[in-house]
1. Would you say residue 27 is assigned to a helix (DSSP H, G or I) and either in contact (Cβ under 8 Å) with a residue 24 or more places away in the chain or surrounded by 13 or more Cβ atoms within 10 Å (Cβ to Cβ) (or both)?
2. In this structure, is residue 153 farther than 30 Å from residue 202 by Cα and of a type outside the set (Lys, Arg)?
3. Which count do you get for residues in segment 16-35 that are touching a Leu at 6+ places or on another chain (Cβ under 8 Å) and not acidic (Asp, Glu)?
4. Name the single residue that is surrounded by the most Cβ atoms within 10 Å (Cβ to Cβ) among those in segment 81-106 being in contact with a helix residue (DSSP H, G or I) (Cβ under 9 Å, 6 or more places away or on another chain) and either not aliphatic (A, V, I, L, M) or not assigned by TED's automatic domain parsing to the domain that holds residue 63 (or both).
5. Restricting attention to segment 42-80, which residues are charged (D, E, K, R) and surrounded by 12 or more Cβ atoms within 10 Å (Cβ to Cβ)?
6. What pairs come up if the first residue lies in segment 4-18 and is over 20 Å from residue 166 (Cβ atoms), the second is modelled with pLDDT of 95 or more, and their beta carbons are under 6 Å apart, counting only those six or more places apart or on different chains?
7. Residue by residue through segment 124-154, note down the ones that are touching a residue at least 12 places away in the same chain (Cβ under 8 Å) and either more than 29 Å from residue 35 (Cα to Cα) or among the polar types (S, T, N, Q) (or both).
Amino acid sequence: MQTINQLTHDELIKLTDDQLAHFVDIEVAYAGIKLVNPVHLKEVPTVTIKPTEEYWKAHETLYRTQEEAMAVATIPAFRADYDYNGAGYDYQYPTIIEASAPYKVMLYKKEDVDAVRKILIQIKEAKSYNERIQKDYDKYLTQIDGCRADVYSKYNEAMEKEESINRAVADHKKYLDLAGGDATIAMNFFDKAYKDEPEEIKKIALERVAQQS
């Protein structure tokens, strides 16, 4: 069994998402953290009914037709009112309700509302379940943050190194072209340009150049 730290550069840059997850699990096991599988959330049902019943509202009351609502709207309406800071609730008097144009209101059918009650219960249960297991999994992810960071840091470092290697290989090819194919002059160019680069980068790059020759 290998850990992420035992892989070669070439092995690191070829890792897939599943393989990275595998190495995270190894680090988690070494850390003594109980493994938790990725969550599988329940599908949350959706309510598909739509309001289809047309009514018209006037004076806070619903009517079947616009004509009926219009007729009612022309009749003065009143409400019982009182002075909260005055004589109080026991002494009420009429206040006219400001007239407003009737407006359309769309309602659901009663049988549709009755049928959707079961779906609403299922939605509530599914959401509650999903929130609970997601919370548990998020807690687990917090616990393994360090393990994930170690694995992905190693992988990202390798990918950055690979970019440097590829750039070095491409530069060597350019130097070879500039030198008219003279490998010695090209190598001199390369050594001067890459004198401050890590030895591992230069070593792997030159090995690849040799393989391509």
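The values are calculated or read from the model by the stated rules, or taken from the named source; none is laboratory data. The shown structure was predicted, so the numbers you read here are calculated from the model rather than taken from an experiment. All Cβ positions, glycine included, derive from the backbone under ideal geometry; neighbour counts span all protein chains shown.
1. Values: assigned to a helix (DSSP H, G or I): yes; either in contact (Cβ under 8 Å) with a residue 24 or more places away in the chain or surrounded by 13 or more Cβ atoms within 10 Å (Cβ to Cβ) (or both): yes.
Spelling it out, residue 27 is indeed assigned to a helix (DSSP H, G or I) and either in contact (Cβ under 8 Å) with a residue 24 or more places away in the chain or surrounded by 13 or more Cβ atoms within 10 Å (Cβ to Cβ) (or both).
2. In short, no.
3. Start the filter on segment 16-35 by keeping residues that are touching a Leu at 6+ places or on another chain (Cβ under 8 Å), which leaves 23, 25, 28-29.
Checking the rest, the ones that are also not acidic (Asp, Glu) come to 23, 28-29.
Here the count works out to 3.
4. By that ranking, first place goes to 102.
5. So in segment 42-80, the residues charged (D, E, K, R) come out as 42-43, 50, 53-54, 57, 60, 64, 67-68, 79.
Scanning segment 42-80 gives 42, 53, 54, 57, 68.
6. 4/23; 4/151; 4/154
7. Once the filter is applied, which keeps residues that are touching a residue at least 12 places away in the same chain (Cβ under 8 Å) and either more than 29 Å from residue 35 (Cα to Cα) or among the polar types (S, T, N, Q) (or both), segment 124-154 yields 130, 134, 143.
A quick yes/no check of all residues on (1) more than 20 Å from residue 10 (Cα to Cα); (2) surrounded by 14 or more Cβ atoms within 10 Å (Cβ to Cβ):
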site: 110; (1), (2): yes, no
site: 145; (1), (2): yes, no
site: 162; (1), (2): no, yes
site: 168; (1), (2): no, yes
site: 176; (1), (2): yes, yes
site: 198; (1), (2): no, no
site: 208; (1), (2): no, yes
